[in-house]
Amino acid sequence: MLKQFTLGLCSVALIALTISPAQTHEAPIALVIHGGAGTLEKSQMTPARRKSYEAVLTQSLQAGHGILKKGGSSLDAVEASIHILEDSPLFNAGKGAVFTHDGTHELDASIMNGQNLAAGAVAGVKHIQNPISLARAVMEKSPHVLMAGSGAEAFASFLGMPKVEQSYFFTQEKWDLLQEVKREAEQAKPFGTVGAVALDRAGNLAAGTSTGGMTNKRFGRVGDSPIIGAGTYANNKACGVSATGHGEYFIRTAVAHDIFARMAYGNKSLKQAADEVIMGVLKPMGGEGGIIAIDKQGQIETSFNGDGMYRGWVDSKGQLMVKIYRE
Ligand code: ASP
């Protein structure tokens, strides 16, 4: 009887041993998203507003992480997470995009595959509900990397993608913001761009960014979000990055690629590389904003030089976190 009992225990222990290595050696997955730097001032952030931002960020994380958990690709996760943010009126991408000086909407987006450095982007599109998906189509269904304006829209029609009226993007809040910016200044602060970076089980990194740009922008202005190396970059050798902030500065300092390069050629950690660029390069120039990033081990980093950045992540242990200010 006693012998049988001991044997039973032994076999339980053996089973546990054979199961656990497979579990612990499972490659890490990770996801990080942002809903833009230039958050609402803390005094204007009511508990109800905070709740609605947190709810959409959480929904976006769950959508992307659900894909990664099932063994899906980092590209699919990035696209799914960004869709949720584009479809929400709270952020400056898709529905809720900011207004140009002329009272229209011109949207930019980009996506990059860290496995093979394939990339796709669109700039100044006016009738595309989910610009991140058109950027992905540019990457996967054309020989080009960046398509702009009416050409990008013609490509969408060629693919049979549905179009929306400009009125689809309207939100009262962004309209009021345009009036305020026109009264007070030439250009608004960056506000509410969205992005996502993911690492999948196969070890592939992907990054994407989508935006309405800057309120009151003029003359076909394009920011950093659709510029590979500025607003978006992914390379399995080191990291994936999505940026948000005053795009002109991010283009001039090639922020996303600079972070990658400091890691790849300078042996910096992701945190060192990100902080050097955001605090050491951008801030002294007056470039406000931040980045989200993941390295090839699944380490997540968020770095910003203003008061806040809407952001959230699910780390390699499966822990979900959503934050707005420095907290
Ligand atoms: N980076 C975007 C742009 O300059 C704005 C933002 O991040 O909110 O177009």
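Only the coordinates and a few stated rules stand behind these numbers; no lab work does. As the structure is a prediction and not an experimental result, all values here were calculated from the model. Using ideal geometry, Cβ is built from the backbone for each residue, glycine included, and neighbour counts are taken over all protein chains shown.
Let me check I've understood the local charge: for Tyr168, count other residues with C-beta under 13 angstrom from its C-beta, Lys and Arg +1, Asp and Glu -1. What total comes out? Let's see the in-between values first.
On the way: positive: Lys95, Lys126, Lys163, Lys174; negative: Glu86, Asp87, Glu165.
Within the 13 Å Cβ shell, the charges total +1.
Straight-line reach from Lys174: which lysines have Cα under 28 Å away, leaving out those fewer than 8 places along the same chain?
Lys42, Lys51, Lys95, Lys126, Lys163, Lys182, Lys189, Lys217, Lys283, Lys323
Percent of Cα-Cα pairs per 5 Å bin, from 0 to the last occupied bin, for the stretch 82-155, please list those.
Going out from 0 Å in 5 Å bins, the stretch 82-155 shows 4, 18, 27, 23, 16, 9, 3, 1, 0 percent.
How much of the DSSP beta bridge set in the chain is antiparallel, as a percent to the nearest 5?
Numbers: 50 of 54 bridges.
Restricted to the chain, the bridges split so that about 95 percent are antiparallel.
Restricting things to alpha carbons, find the Rg to Rh ratio for the stretch 205-246 using the Kirkwood radius for Rh.
Checking Rg against Rh, the ratio lands at 1.06.
Give me the compactness ratio for the stretch 194-327, meaning the Cα radius of gyration over 2.2 N^0.38 Å.
Scaled against compact globular proteins, the figure is 0.99.
Quick one: which residues, 5+ away or cross-chain, put their amide H under 5 Å from the amide H of Asn235? H built at 1.01 Å from N.
Under 5 Å from the amide H of Asn235 lie the amide H atoms of Gly240, each far enough along the sequence or on another chain.
To the nearest 20 Debye, how big is the dipole of the chain about its Cα centre, given +1 on the beta carbon of each Lys and Arg and -1 on that of each Asp and Glu?
580
What list of whole percents do you get for P(r) of the stretch 122-183, with Cα-Cα distances grouped in 10 Å bins up to the one holding the largest distance?
Cα pair-distance distribution for the stretch 122-183, in percent: 21, 43, 22, 12, 1.
Can you tell me the convex hull volume per residue for the stretch 235-298, based on C-alpha atoms, in Å³ to the nearest whole number?
Here the figure is 68 Å³ per residue.
Give me the three principal axis extents of the stretch 282-327 from the C-alpha atoms, as integers in angstrom, largest value leading.
For the stretch 282-327, the Cα spread along each principal axis is 36, 23, 11 Å.
Would you kindly give the portion of the calculated P(r) for the chain that falls above 37 Å, as a percent of all Cα pairs?
Pairs farther apart than 37 Å: 17 percent.
To two decimal places, what compactness ratio does the stretch 17-164 give when its Cα radius of gyration is scaled by 2.2 N^0.38 Å? Don't skip to the end; give the middle numbers.
Values: Rg = 17.9 Å, N = 148, 2.2 N^0.38 = 14.7 Å.
It is 1.22.
Give the percent of DSSP beta bridges with both residues in the stretch 154-269 that are antiparallel, rounded to the nearest 5. Intermediate values should be presented prior to the final figure.
Details: 10 of 11 bridges.
Around 90 percent of the beta bridges assigned by DSSP in the stretch 154-269 are antiparallel ones.
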